[in-house]
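Asks: Got a structure here, written out as structure tokens. Questions coming.
We did not get these values from a lab; they are worked out from the coordinates using the rules stated. The structure displayed is predicted, hence computed values, not measured ones. For neighbour counting, all protein chains shown are included, and Cβ atoms are generated from backbone atoms with ideal geometry for every residue, glycine included.
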């Protein structure tokens with residue numbers, strides 16, 4: 001396949017997407033951060049994330065990192081490639097490569113020098129005006145299909161958290177949580193987040 005830069009890729013009509021693989025992704029000279037979802041190319045965001053987005057992601061990553069110290073699981077923050085293979089782990093057979101804002105991986109065999117191959121145990125996506133459709137629809141589907149045990153959606157402006165938990169192969173949502181609630185992870189046993197304290201630190 002002819003090598004393409006980010007501008008030419010992102011100008012193509014959506015209908016032409018669907019055939020790109022991780023092998024293609026590795027050859028691209030990207031100016032923007034992009035993700036590959038079922039062979040289609042998506043911008044990670046239309047512009048650099050807002051400061052509050054970065055503040056929230058960084059603070060939450062720190063919470064996970066400190067909690068996991070000395071434990072078998074590891075937390076990673078974007079940019080960090082997560083490849084989600086379906087039938088084969090070969091580069092030219094992988095059609096989904098995403099960069100969650102935060103992910104936690106407990107199976108060290110899934111980690112290599114290029115990131116993670118296979119479903120993390122938990123992913124966090126921080127909502128922003130430019131990414132809500134991508135997170136709510138496309139990523140929901142690939143995370144569920146790949147077997148990500150827990151999918152956290154955080155809204156820094158609304159100061160809310162919704163957790164999807166994988167139960168018998170399908171996501172079940174918690175109620176919408178906000179300041180005053182304590183979020184508890186079932187995938188990362190023992191991890192709790194006091195949302196009132198957490199959101200008070202985001203400014």
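Asks: Take the Cβ-Cβ distance between residue 26 and residue 175 as r, set R0 to 41 Å, and report the resulting FRET efficiency rounded to the nearest 0.05.
Replies: Numbers: r = 41 Å, r/R0 = 1.00.
Efficiency, rounded to the nearest 0.05: 0.50.
Asks: Give the angle, between 0 and 90 degrees and rounded to the nearest 10, that separates the Cα long axis of helix 51-68 from the longest principal axis of the Cα atoms of the chain.
Replies: The helix 51-68 is inclined about 70 degrees to the chain.
Asks: Now for a different question. Could I get the Rg over Rh figure for the range 45-153? Both from C-alpha atoms, Rh via Kirkwood, rounded to two places. If you can, show how the numbers build up before the last one.
Replies: Values: Rg = 13.7 Å, Rh = 14.4 Å.
The Rg/Rh ratio comes out at 0.95.
Asks: Let me ask something additional. Out of the DSSP beta bridges found with both residues in the chain, what percent are antiparallel (nearest 5)? Write out the running numbers ahead of the final one.
Replies: Details: 31 of 39 bridges.
Antiparallel bridges make up about 80 percent of those DSSP assigns within the chain.
Asks: Here's a follow-up. Sorted by packing (mean other beta-carbon atoms within 10 Å per residue), highest first, where do 114-124, 68-78 land?
Replies: Ranked by mean Cβ neighbours within 10 Å, highest first: 114-124, 68-78.
Asks: Under the 0.36 nm per residue contour assumption, what length would be gained going from the current alpha-carbon distance of residue 110 and residue 62 to full extension? Before the final figure, lay out each step's value.
Replies: Details: separation 48, 0.36 × 48 = 17.28 nm, distance 2.18 nm.
Taking 0.36 nm per residue and subtracting the Cα distance, the gain is 15.1 nm.
Asks: Kindly provide the helix-only [θ] at 222 nm of the chain, computed as the sum of -39,500 (n - 2.57) over DSSP H runs of four or more divided by all residues, to the nearest 500 deg cm²/dmol?
Replies: -5500 deg cm²/dmol
Asks: Next question, about the same structure. Would you give the gap between the C-alpha center of the range 16-37 and the C-alpha center of the range 76-91, rounded to a whole Å?
Replies: So the separation of the two Cα centres works out to 12 Å.
Asks: Report the extension gain between residue 197 and residue 157 in nm, rounded to one decimal, defined as 0.36 nm multiplied by the number of residues separating them, less their alpha carbon distance. Let's see the in-between values first.
Replies: Working: separation 40, 0.36 × 40 = 14.40 nm, distance 1.54 nm.
Working it through step by step, the gained length comes to 12.9 nm.
Asks: Oh, and also: Based on other C-beta atoms within 10 Å, arrange 93, 149 from fewest to most.
Replies: 93, 149
Asks: Taking 7 Å along the Cα-to-C-beta vector as the label spot, tell me the residue 133-residue 52 distance in nanometres, rounded to one decimal.
Replies: Placing both labels 7 Å along Cα→Cβ, they lie 2.3 nm apart.
Asks: In whole Å, largest first, what are the principal axis extents of the Cα atoms in the chain?
Replies: 52, 34, 29
Asks: Just want to confirm a number: the relative contact order over the chain, from Cα pairs under 8 angstrom separated by 6+ residues, in percent.
Replies: In percent, rounded to a whole number, it is 15.
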